[in-house]
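Here's the structure, in structure tokens; my notes come after.
Nothing in this text is a laboratory measurement; each read-out follows from the coordinates by a stated rule. Quick caveat, the model's predicted, so the values are computed rather than measured. Here the Cβ is made from the backbone with ideal geometry for all residues, glycine too, and neighbour counts use every protein chain on show.
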Amino acid sequence: MSATLTHGGLETASQAKLTWLRFRRHKLAMFGLVVMVLLYTIALFAEFIAPFNPDRSNARLVFHPPQAIHFIDDSDGGWALRPYVNAFRLARDPVTLEPRFVPDASRRIYLHWFVRGDGYDMWTFIPGNLHLFGPENPRDMVFLLGADRQGRDVLSRIIHGARASLSIGLVGVTVSLMLGITFGGLSGYYGGRIDWFVQRVIEFIISLPTIPIWLALAAALPKDWPPMAIYFTITVIISLIGWTELARVVRGRFLQLRSDSFVTSAWLDGCSQKRIIFRHMLPSLTSHIIASVTLAIPMMILAETSLSFLGLGLQPPAISWGALLKEAQNVQSIASAPWLLLPGAAVAITVLALNFLGDGLRDAADPHAH
Amino acid sequence: MRRLAGMIPFIFLVSITVFALIKLPPGDFVQNYAAALAAAGETVDDAMMASMRQRYGLDQPIWIQYWDWISGVVVGDFGYSFQWQQPVVNLIGERMGLTFVLSASTLLFTWAVALPIGVYSAVRRYSIGDYIFTFIGFVGLAVPGFLMGLVLMYVGVSVFHADVGGLFSPPFVDAPWSWARVVDLAKHLWIPMVILGTGGAASLIRIMRANLLDQLHQPYVDTARAKGLSEFTLLVRYPIRIALNPFVSTIGWVLPNLVSGSVIISIVLNLPTAGPVLLQALLGQDQYLAGAFLLLMCTLTVIGTLVSDILLALLDPRIRFQ
């Protein structure tokens, strides 16, 4: 009796609560969760968080290098916690006469929280011009992560790119999930000939090398489609290949569950097939499905990045991390502006965080693991 | 044998899929070509387009085009490349060969790296080395290959002042095959090999580690240890042999991944493999060239799966006698 009390009601905790408790112990996974929540928040409020309009270009600021933030300001003799960046000015290399940006120590651009800057329409319908942070004077530009070949702020572009890149993962996984549950469920529940057929189809799809097939499918998209249509078609293309893994997971669990006693008893009680599948079998799959889904999202994000990088995915002016990386495709631009590779860092962080999260969820969802 | 026979309808199905895929884009090569000419200021009339279509057989219904194509492929004739104005066979030979060399050597590299590290991580679980390798492995999984290629290119240019792209040094690019050219290839091959292999190696290390950990606590290991077997002999003779199974069975999915990955990396690093030409052919709707590449790539992976099944049966008596 006392054991029950010391466990703090562990015996009566619901499955969801037990899973959460196990998940909490997985530090890397918790870290992944925090990072992902942060990233999706950034993507959701991109207009507000990005310091500038991602399309604001300036021919005189082409390939402007990143500026470091200084926190301690000592310009007025003493010191104060007042973040600023040193302005850069354009100078010519004395030998090669190449234009080059050099730090201008005499001019400081002060950064403030919640400044009025470039106007935007949040989610296309809320007009505003408030930004989380930005330069004191809205006419100044601050390039924390440098500028691209049209003098646009890379940081703002990465923040806006997060929206397409991160949402394509979610939308794609939803489509995959529907396909996966339908076919995996059919296959696992009915078995026999349907199972044989679905399994052959899955084997067939898995044995195809994905990228050439994606390329072929993506090349089939007319170039003059509106960006939204391309976005959704790309998502569907990616998930057409991605659903097989989910279908396998669902089928395996269904096969295992089918012979479990609680399903048999539900069947003996005269439950309809629909009720058995949706009320009894699916809930015990949920945790596994969530874990597989979390592990499938990074694959989708990588796929979109690769396609856009090759110029077959989202096209400019649409912004995604892959489309941004396309700017860094040749040696010259990488050598002169290595910060153009930074969207890749965003991809890597996202994929890493999602992998940690998925691993943690998978471990937590398994009631037999200790 | 039965598996071998099963492959034929499979590849047939692949060929239909591939052909359907390359015919999917609206328009055809002639239309693209005409648009390109028009952009260059030349006028193309409908009669010329029609005669070109007729010459290339593009005016036929799709199933007749397919039949012409596939019946040629069976006897080794892959058709004619519109863009390059020469038979496809001439174009794909060396490129597919290099793609195969790259994929196969990457596979060997993956194994050579993943096996010792996987064993080490399992035997010295939770040691500093295990953590380091786990971390590297996760990063390897998270960083897309082309990004790694770009970073390496940057490092190559900024630190070593050398272009890391390509598979041959300039004097060897168009040279006929010779021993010196093979040596030159080997010198360049390792960069794409490492880039391509890291992702696969990372996941194989995870699998190897998990499998070996399952085996290490089995009673038979304790028995062998109690009998006085040295730790190394014990490890190599029993648990590793069992944990090796997934290595072989993963050829099936590692190979498609490698072929896929090699396409993008070839484009980034400008390798003379199938990737860049495939992309061009797809964009220009050069249907027979694109079709030949896609078909051969798919066949390569199907053969890989078959080889892995056969190896698995040879390796594991439990599967052989099923």
Cα-based Rg and Dmax for segment B:194-279, in Å, come out at 18.8, 60
Compare A:F114, A:F63, A:F262 in a GNM of chain A, Cα atoms joined below 10 Å, and give the one with the largest fluctuation.
A:F262
For B:F146, A:F48, ascending order of other Cβ atoms within 10 Å (fewest first) is A:F48, B:F146
Test item: A:343-351 mean partner chain Cβ contacts at 10 Å:
3
A chain fully extended from B:Y220 to B:R125 at 0.36 nm per residue, minus the present Cα-Cα distance, gains in nm 32.2 nm
Determine by what factor the alpha-carbon radius of gyration of the protein assembly as shown differs from 2.2 N^0.38 Å, reporting the quotient.
1.07
Could you work out how far apart the two model spin labels at B:D309 and A:F232 are, taking each label as a point 7 Å from the Cα in the direction of the beta carbon, and quote it in nm?
4.0
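Which ordering of B:W179, A:W339, B:W67 is given by a fewest-first count of other beta-carbon atoms within 10 Å? Walk me through the intermediate numbers first.
On the way: B:W179 7, A:W339 21, B:W67 12.
Ordered by Cβ neighbours within 10 Å, fewest first: B:W179, B:W67, A:W339.
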So, in nm, how far is label A:Y190 from label B:F12 when the simple model puts each one 7 Å beyond its Cα toward the Cβ?
2.5
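What is the sum of charges, Lys and Arg at +1 and Asp and Glu at -1, for the other residues whose Cβ falls under 15 Å from the Cβ of A:T210? Mind dumping the intermediate values first?
Numbers: positive: none; negative: A:E203, A:E245, A:E304.
Combined, the nearby Lys, Arg, Asp and Glu give -3.
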Charges only on Cβ, +1 for Lys and Arg, -1 for Asp and Glu: so what's the dipole of segment A:221-358 about the Cα centre, in debye to the nearest 20?
460
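Where does the charge balance sit around B:Y120 when Lys and Arg score +1, Asp and Glu -1, over other residues with C-beta under 14 Å from its C-beta? Don't skip to the end; give the middle numbers.
On the way: positive: B:R124, B:R125, B:R206, B:R209; negative: B:D130, B:E231.
In short, +2.
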Excluding residues fewer than 8 positions from A:K17 in its own chain, the lysines with Cα under 24 Å of it are A:K27
Looking at B:V143, A:G344, B:L91, which one has the Cα that reaches farthest to the positive end of the dipole of the protein assembly as shown (charges on Cβ: Lys, Arg +1; Asp, Glu -1)?
B:V143
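Lys and Arg at +1, Asp and Glu at -1: add these up for the other residues within a Cβ distance under 13 Å of B:W84 and post the number.
Numbers: positive: B:R95; negative: B:D286.
Cβ neighbours under 13 Å give a net charge of 0.
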Inter-label distance, nm, simple model (7 Å from Cα along the C-beta direction), A:R56/A:T182:
4.6
Cα-based Rg and Dmax for chain B, where Dmax is the largest Cα-Cα distance (Å)
24.2, 87
Tilt of helix B:128-142 relative to the longest C-alpha principal axis of chain B, in degrees (0 to 90, nearest 10)?
20
Compute a Gaussian network model of chain B, connecting alpha carbons closer than 10 Å, and tell me which residue from B:A50, B:A114, B:A281 fluctuates the most.
B:A50
Computed, not fitted: 222 nm per-residue ellipticity of the protein assembly as shown from DSSP H runs ≥ 4 (each -39500 (n - 2.57)), nearest 500, equal to -21500 deg cm²/dmol
What size of dipole, in debye to the nearest 20, comes out for chain B about its Cα centre when the only charges are +1 on Lys and Arg C-beta atoms and -1 on Asp and Glu C-beta atoms?
1560
Could you identify which residue out of A:T244, A:T305, A:T124 has the top mean-square fluctuation in a GNM of chain A using Cα springs shorter than 10 Å?
A:T124
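In debye to the nearest 20, how big a dipole does segment A:60-151 give about its Cα centre with +1 on each Lys and Arg Cβ and -1 on each Asp and Glu Cβ?
Values: 10 positive and 11 negative charges, 41 e Å.
With Lys and Arg at +1 and Asp and Glu at -1, about 200 debye.
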Pairwise over distinct Cα atoms, reciprocal of the mean inverse distance: report the Kirkwood radius of chain A in Å, one decimal place.
23.9
Once Lys and Arg get +1 and Asp and Glu get -1 on their Cβ, which of A:G77, A:W321, A:Y231 lies farthest toward the positive end of the dipole of chain A?
A:Y231
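In peptide B:255-261, how many Cβ atoms from other protein chains are near each Cβ within 10 Å, on average?
Working: counts 2, 8, 3, 1, 5, 10, 4.
Counting other chains' Cβ atoms within 10 Å and averaging over B:255-261 gives 5.
Return the average number of partner chain Cβ atoms within 10 angstrom of each residue Cβ along peptide B:277-283.
4
Rank the residues A:D359, A:D104 as a footprinting-exposure proxy: fewest other Cβ atoms within 10 Å of their Cβ go first. Display every interim value, and only then the final one.
Numbers: A:D359 19, A:D104 14.
So the residues, fewest neighbours to most, are A:D104, A:D359.
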Which is farthest toward the positive dipole end of the protein assembly as shown among A:M299, A:T182, A:H280, measuring Cα position about the Cα centre, with Cβ charges +1 (Lys, Arg) and -1 (Asp, Glu)?
A:H280
